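As structure tokens, the structure follows; a few thoughts come after it.
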Ligand SMILES: Nc1nc2c(c(=O)[nH]1)N[C@H]1C(S)=C(S)[C@@H](COP(=O)(O)O)O[C@H]1N2
Ligand SMILES: [Mo]
């Protein structure tokens, strides 16, 4: 089990096991064991300053309806297969056009950041959506540590490339693995751009991109790349997996925009996942509801073309 500054962010069963061992060894009674277990719910992250005017998606829904093609193309595949991924030890290489490149153990990255909760809207390009309480830190903290060089303009991200623990890479061998994504440097430095290590008060489940994934709430979900091992600053626009697969359908920017339909379906509305059998579709918001914060990043760009 990884020792984090938020070591209490641990699946409850693990915690109880650990307590049981200690309780057994020291002769502590059941009562104090459960008192400790209750305390474990108090997690070491600051509560969200970021909220949305919508119900949080039930955890069961957000952790069982996933896109993670390294574990298959079905929504129920990642929860079935991603448990085989070894997420500890984990390191992230930060390099490219930076003055201070490094290969960091994840626990060292986490020592230097303040974990906080952020409740964000999450909108997949397939027109379904969720509201997720993530736990993590601002990507800008990590990039600042790397000290970008003056000519750095973009940030490229790469997912782990470990076919022996990612059976979907074989089932979809035609895909351009590993999964890669990218942002413009100013998008990456924006305060909303988040690196998640947890959700719903616990460590990130493997199917949601453990142990470290990007969350860019104003962009379609495929930009929010999972299980990141490499971050590279560049001077030109990096390739992105879905753009490579279908460039007419998935652009580099991919900001959520109800006014620009996907070539094969409307983006005007979305289906909230886990909202109940009779919940209807809801309107999709420009920049997924974050226009006030991020529209300025795209001043002068034709928003109808910059999908
Ligand atoms: N490495 C990797 N990252 C990925 C994907 C993927 O297939 N592989 N799918 C993307 C897509 S399309 C979406 S909608 C989100 C889904 O995140 P969730 O399963 O946590 O809801 O992850 C994104 N990140
Ligand atoms: Mo998606």
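Exactly one residue out of 156, 152, 196 is buried (at least 17 other Cβ atoms within 10 Å of the Cβ) and within 16 Å of ligand 2 (Cβ to nearest atom), and it is 196.
Residues in region 114-146 that are part of a loop (DSSP other than H, G, I, E, B) and at pLDDT 95 or above: 115, 124, 125, 126, 127.
Of the residues making up region 222-238, those that are touching a strand residue (DSSP E or B) at 6+ places or on another chain (Cβ under 6 Å) and within 14 Å of ligand 2 (Cβ to nearest atom) number 4. Cβ separations smaller than 6 Å between residues 6+ apart or across chains give the following pairs from region 73-92 residues that are more than 18 Å from residue 158 (Cα to Cα) and in contact (Cβ under 8 Å) with a residue 12 or more places away in the chain to residues that are part of a loop (DSSP other than H, G, I, E, B) and within 15 Å of ligand 2 (Cβ to nearest atom): 78/66; 78/68.
Run down 102, 74 and say which single residue is more than 17 Å from the chain's Cα centre (by Cα) and within 16 Å of ligand 2 (Cβ to nearest atom).
Details: 102 fails: within 16 Å of ligand 2 (Cβ to nearest atom).
Within the list 102, 74, the selection yields 74.
Filter region 166-193 down to the residues that are within 14 Å of ligand 1 (Cβ to nearest atom) and surrounded by 18 or more Cβ atoms within 10 Å (Cβ to Cβ) and list them by number. Answer for region 166-193, where residues must be within 14 Å of ligand 1 (Cβ to nearest atom) and surrounded by 18 or more Cβ atoms within 10 Å (Cβ to Cβ): 166, 168, 169, 177, 178, 179, 180, 181, 182, 183.
Can residue 65 be described as in a loop (DSSP other than H, G, I, E, B), farther than 15 Å from residue 225 by Cβ and at pLDDT 95 or above? So residue 65 fits the description; yes.
In region 62-91, the qualifying residues are those that are near ligand 1 (Cβ under 10 Å from one of its atoms) and surrounded by fewer than 17 Cβ atoms within 10 Å (Cβ to Cβ), and the one that is nearest to residue 114 (Cα to Cα) is 75. So for region 290-297 (the condition being farther than 17 Å from residue 183 by Cβ and either out of contact with any strand residue (DSSP E or B) (no Cβ under 7 Å at 6 or more places or on another chain) or exposed (fewer than 11 other Cβ atoms within 10 Å of the Cβ) (or both)), does at least one residue qualify? Taking every residue of region 290-297 in turn, at least one turns out to be farther than 17 Å from residue 183 by Cβ and either out of contact with any strand residue (DSSP E or B) (no Cβ under 7 Å at 6 or more places or on another chain) or exposed (fewer than 11 other Cβ atoms within 10 Å of the Cβ) (or both).
In region 270-281, is there at least one residue being within 14 Å of ligand 1 (Cβ to nearest atom), part of a helix (DSSP H, G or I) and within 21 Å of the chain's Cα centre (by Cα)? It would help to see each step written out before you state the result.
Step one: list which residues in region 270-281 are within 14 Å of ligand 1 (Cβ to nearest atom), which gives 270-274.
Right, trim to part of a helix (DSSP H, G or I) and you get none.
The answer is no; no qualifying residue exists.
Every residue, every condition in (1) under 13 Å from residue 122 (Cα atoms); (2) touching a helix residue (DSSP H, G or I) at 6+ places or on another chain (Cβ under 9 Å); (3) surrounded by fewer than 19 Cβ atoms within 10 Å (Cβ to Cβ), yes or no:
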| site | (1), (2), (3) |
| --- | --- |
| 212 | no, yes, no |
| 217 | yes, yes, no |
| 237 | no, no, yes |
| 264 | no, no, yes |
| 273 | yes, yes, no |
| 280 | no, no, yes |
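Restricting attention to region 162-185, and to residues there that are closer than 19 Å to residue 92 by Cα, part of a loop (DSSP other than H, G, I, E, B) and out of contact with any strand residue (DSSP E or B) (no Cβ under 8 Å at 6 or more places or on another chain), which single residue is farthest from ligand 2 (Cβ to nearest atom)? Looking at residues that are closer than 19 Å to residue 92 by Cα, part of a loop (DSSP other than H, G, I, E, B) and out of contact with any strand residue (DSSP E or B) (no Cβ under 8 Å at 6 or more places or on another chain), I get 162.
The values are calculated or read from the model by the stated rules, or taken from the named source; none is laboratory data. Source: prediction; values computed, not measured. Here Cβ is always computed from backbone atoms with ideal geometry, including for glycine, and neighbour counts include all displayed protein chains.
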